[in-house]
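As structure tokens, the structure follows; a few thoughts come after it.
The values are calculated or read from the model by the stated rules, or taken from the named source; none is laboratory data. As the structure is a computational prediction, the values presented were derived from the model and not from experiment. In this analysis, Cβ positions are derived from the backbone assuming ideal geometry, glycine residues included, and neighbour counts consider all displayed protein chains. In case anyone asks, the SASA skips ligands and DNA or RNA and just uses the protein heavy atoms, side chains included. Shrake-Rupley method; radii C 1.70, N 1.55, O 1.52, S 1.80 Å.
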Amino acid sequence: MIINKPPLSSPDDVGSGMPHPPRFQSGIRRRELMLTTATTLLFSTNSVLAGIVQGSLPWEQNAGAPPTEVRPGPWTYFTAEEGAAVEALVDRLIPADPQTPGGKDAGCAVFIDRQLAGSYGTAEGLYMRGPFAEGTPQQGDQSPLSPAARYRQALAALDKYCRATYAGKSFTQIPDNEKDKLLSGLEKGQVHLEGANGRAFFELLLQNTREGFFADPVYGGNRNMVGWKMIGYPGARYDYRDWVERHNERYPLPPVGISGRPEWVRKAD
């Protein structure tokens, strides 16, 4: 499966403050859902518990844990060979076009590398006790392996498959049309990797690539906010309510990340 770069986001997506896949184009739209929810809350006859805050704020200042900005540098989890393979993979999932860089230049592989080196990669937030059995799609991943271990296992199996199938060549060395055929085979479960679930790896890789393309640049992907510019997402701008109802108009201001914009940072004298 290749990610087709979408046209400008729908007015609902622009106004919602979050980029979202086209699934919101049908069914209940987010704004309608929010309006219904707000109306229900305003006119509900049920009592609502409330409290009065006096004397001090109900939270502690600086108690949060802001993300640490990813800096350019060597791979932190991937080996050089693994990193090159993932760069080639994400660049076929999101190929470049004249307007927008592909997955590699957007930093998707770097995003995945840094995520696998952290708490996501070690499954810190996941339930990792047995029993481990293949479940329904609604039950999510049931693997006993952490995401980092799944990548290592699958990338090794993919390399073995490529070298056996393409005269000793790695994934990075085969032509793009063969890369696409291989990815399509993984997606459909037609390509079987020794010791790894190829289809599950494809789904994990696709999800992480999407995240890397649209997440805040502070995490290493969405370099120069290319994903947000592509869909007209304003990012972390404080207020863009004036544009919520302006349908079919492109938001004119550049997106803003959690760390602001590069030109807003004062350079040392």
Review point. Among the residues of region 251-268, is there at least one that is touching a residue at least 12 places away in the same chain (Cβ under 8 Å), loosely packed, with under 15 Cβ neighbours inside 10 Å, of a type in the set (S, T, N, Q) and assigned to a loop (DSSP other than H, G, I, E, B)?
Key: no
Point to revise | From the options 242, 159, residue that is without any contact (Cβ under 8 Å) to a residue 60 or more places away in the chain, of a type in the set (D, E, K, R) and in a helix (DSSP H, G or I) | key: 242
Point to revise | Among residues of region 85-111, those that are in contact (Cβ under 8 Å) with a residue 24 or more places away in the chain and surrounded by fewer than 18 Cβ atoms within 10 Å (Cβ to Cβ), counted | key: 4
Practice item. Return the only residue of 146, 119 being open to solvent by 60 Å² or more (accessible area, probe 1.4 Å) and within 25 Å of the chain's Cα centre (by Cα). Key: 119
Point to revise | Filter pass, residue 194 being open to solvent by 10 Å² or more (accessible area, probe 1.4 Å), over 17 Å from the mean Cα position of the chain (by Cα) and acidic (Asp, Glu) | key: yes
Revision key, fill the gap. Residue count, region 211-228, condition out of contact with any Gly (no Cβ under 7 Å at 6 or more places or on another chain) and open to solvent by 90 Å² or more (accessible area, probe 1.4 Å), comes to 1
Practice item. Working only within region 69-94, note down all residues that are hydrophobic (A, V, I, L, M, F, W, C) and either within 15 Å of residue 157 (Cβ to Cβ) or touching a helix residue (DSSP H, G or I) at 6+ places or on another chain (Cβ under 8 Å) (or both). Key: 70, 75, 78, 84, 85, 86, 88, 89, 90, 93, 94
Practice item. Kindly check whether there is at least one residue in region 120-133 that is closer than 21 Å to residue 221 by Cβ, among the charged types (D, E, K, R) and in contact (Cβ under 8 Å) with a residue 12 or more places away in the chain. Key: no
Check your understanding: Just to be sure, is residue 200 under 24 Å from residue 94 (Cα atoms), modelled with pLDDT of 95 or more and out of contact with any Cys (no Cβ under 7 Å at 6 or more places or on another chain)?
Key -> no
Review point. Mind checking which residues of region 68-97 are part of a loop (DSSP other than H, G, I, E, B) and within 18 Å of residue 176 (Cα to Cα)?
Key: 94, 95, 96, 97
